[in-house]
1. Being of a type in the set (S, T, N, Q), away from the ligand (no atom under 12 Å from the Cβ) and within 25 Å of PHE198 (Cα to Cα): is that true of THR103 here?
2. Filter region 205-221 down to residues that are polar (S, T, N, Q) and part of a helix (DSSP H, G or I) and give me whichever is most open to solvent (accessible area, probe 1.4 Å).
3. Whether any residue in region 116-133 is open to solvent by 60 Å² or more (accessible area, probe 1.4 Å), within 16 Å of the ligand (Cβ to nearest atom), within 25 Å of GLN151 (Cβ to Cβ) and over 17 Å from the mean Cα position of the chain (by Cα) is what I want to check.
4. Mind checking whether some residue in region 20-34 is within 16 Å of the ligand (Cβ to nearest atom), small (Gly, Ala, Ser) and within 23 Å of LEU166 (Cβ to Cβ)?
5. Is it the case that some residue within region 222-244 is under 30 Å from ARG114 (Cβ atoms) and either part of a loop (DSSP other than H, G, I, E, B) or open to solvent by 70 Å² or more (accessible area, probe 1.4 Å) (or both)?
6. So which residues in region 161-204 are open to solvent by 70 Å² or more (accessible area, probe 1.4 Å), part of a loop (DSSP other than H, G, I, E, B) and not hydroxyl-bearing (Ser, Thr, Tyr), if there are any at all?
7. Return yes or no: is ALA81 in a loop (DSSP other than H, G, I, E, B) and surrounded by 21 or more Cβ atoms within 10 Å (Cβ to Cβ)?
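The values are calculated or read from the model by the stated rules, or taken from the named source; none is laboratory data. On a predicted model such as this, the values are computed, not experimentally measured, just so you know. Here the Cβ is made from the backbone with ideal geometry for all residues, glycine too, and neighbour counts use every protein chain on show. When the accessible area is computed, the model is the full protein with side chains, heavy atoms only, and any ligands, DNA or RNA have been set aside. Shrake-Rupley method; radii C 1.70, N 1.55, O 1.52, S 1.80 Å.
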Amino acid sequence: MEWNAQNYQKNHDFVFQYGADLLELLPKSSMKILDVGCGTGELSHQMTELGHQVLGIDASPNMIQQAQAQFPGENFQVANALTFETSQPYDVLFSNAALHWITDHEKLLSQFQRLVNVEGLLICEFGGAGNVRKLTSAFQAELEKLGKNYQSPFYFPSCKQYQPMLEAHGFHVHLLQEYDRPTPLKGSEGLRNWLKQFFASDLAALSEVEQERILSEVEATLEDSCWKETYWEADYHRIRIVAEKK
Ligand code: BEZ
């Protein structure tokens with residue numbers, strides 16, 4: 001899926017705003033950091049400002065183009081997290097709100113094992129078990145009414161599932177937690193903007209009339225549970241990890 005970097009920055013800036021408190025988990029001394037799924041580069045930039053040596057990678061050329069335009073002179077590269085290679089491993093693998101787009105975490109953790117130094121850290125947060133269930137269920141139900149299948153592109157694990165996977169890949173867990181993070185989506189168009197951003201490829205397969213119908217029906221379904229007088233609230237649930245390579 002190619003991303004609309006402008007819509008992402010304008011309407012979904014909460015993604016990197018919420019990610020900012022992950023930065024507090026970084027060591028204070030200067031580290032060589034790989035920011036996996038850096039999007040438009042805000043958190044990579046903040047880590048650079050903190051004195052770290054950072055490379056931001058993202059599979060989306062649009063996102064990387066926007067990151068380079070915003071933060072010229074900083075290091076960004078279009079790359080797939082599963083196939084990215086380096087001859088010099090990193091001190092920290094960092095990732096915010098990106099890893100749930102990768103469904104094969106056995107492969108991802110093997111890759112992380114190669115990319116990080118011994119005693120190096122994995123510091124990340126992404127969607128945990130049940131993340132955005134209300135939103136995805138409503139969207140799936142509407143797609144199915146049109147005779148279309150919904151294939152979730154996400155992996156949202158629980159701590160219970162993820163701990164043994166980390167350990168099997170040679171990571172010692174320092175912190176592993178899940179928490180609900182109800183997330184306001186900006187304004188009365190917030191829910192449809194979110195759907196247009198993150199379900200772009202499902203929507204692209206429909207006519208404009210069908211797209212409009214789905215967006216309105218999802219809004220109608222979720223009005224009671226997710227409309228909060230002046231904004232929409234998404235049922236985000238996060239898994240947060242700090243683990244060290246043994
Ligand atoms: C998330 O950050 O949890 C997320 C974003 C878009 C789609 C699904 C989940």
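1. Details: of a type in the set (S, T, N, Q): yes; away from the ligand (no atom under 12 Å from the Cβ): yes; within 25 Å of PHE198 (Cα to Cα): yes.
Yes.
2. Let us first name the residues in region 205-221 that are polar (S, T, N, Q), namely 207, 211, 216, 221.
Going one step further and asking which of them are part of a helix (DSSP H, G or I), we end up with 211, 216, 221.
Working: GLN211: 52, SER216: 46, THR221: 79 Å².
Selected residue: THR221.
3. Our first condition is that a residue be open to solvent by 60 Å² or more (accessible area, probe 1.4 Å); within region 116-133, this holds for 118-119, 133.
From the residues that got through so far, the ones that are within 16 Å of the ligand (Cβ to nearest atom) too are 133.
From what is left, the residues that are within 25 Å of GLN151 (Cβ to Cβ) are 133.
In the following step, the residues that additionally are over 17 Å from the mean Cα position of the chain (by Cα) were identified as none.
Scanning region 116-133, I find no residue that is open to solvent by 60 Å² or more (accessible area, probe 1.4 Å), within 16 Å of the ligand (Cβ to nearest atom), within 25 Å of GLN151 (Cβ to Cβ) and over 17 Å from the mean Cα position of the chain (by Cα), so the answer is no.
4. Here is the first cut: in region 20-34, the residues within 16 Å of the ligand (Cβ to nearest atom) are 20-22.
Still in the list and also small (Gly, Ala, Ser): 20.
Within this subset, residues satisfying the condition of being within 23 Å of LEU166 (Cβ to Cβ) are none.
Checked region 20-34: no residue is within 16 Å of the ligand (Cβ to nearest atom), small (Gly, Ala, Ser) and within 23 Å of LEU166 (Cβ to Cβ).
5. Kept after step one, since they are under 30 Å from ARG114 (Cβ atoms), are these residues of region 222-244: 237-244.
Okay, now just the ones that are also either part of a loop (DSSP other than H, G, I, E, B) or open to solvent by 70 Å² or more (accessible area, probe 1.4 Å) (or both), so none.
No, that holds for no residue.
6. Once the filter is applied, which keeps residues that are open to solvent by 70 Å² or more (accessible area, probe 1.4 Å), part of a loop (DSSP other than H, G, I, E, B) and not hydroxyl-bearing (Ser, Thr, Tyr), region 161-204 yields LYS186, GLU189.
7. On the way: in a loop (DSSP other than H, G, I, E, B): yes; surrounded by 21 or more Cβ atoms within 10 Å (Cβ to Cβ): yes.
For ALA81, the condition - in a loop (DSSP other than H, G, I, E, B) and surrounded by 21 or more Cβ atoms within 10 Å (Cβ to Cβ) - is met.
Per-residue answers, yes or no, for (1) modelled with pLDDT of 95 or more; (2) more than 13 Å from the ligand (Cβ to nearest atom); (3) out of contact with any Cys (no Cβ under 7 Å at 6 or more places or on another chain):
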| residue | (1), (2), (3) |
| --- | --- |
| THR136 | yes, no, yes |
| GLN151 | no, yes, yes |
| CYS159 | yes, yes, yes |
| LEU166 | yes, yes, yes |
| GLY170 | yes, yes, yes |
| ASP180 | yes, no, yes |
| THR221 | yes, yes, yes |
| TRP232 | yes, yes, no |
| ILE241 | yes, yes, no |
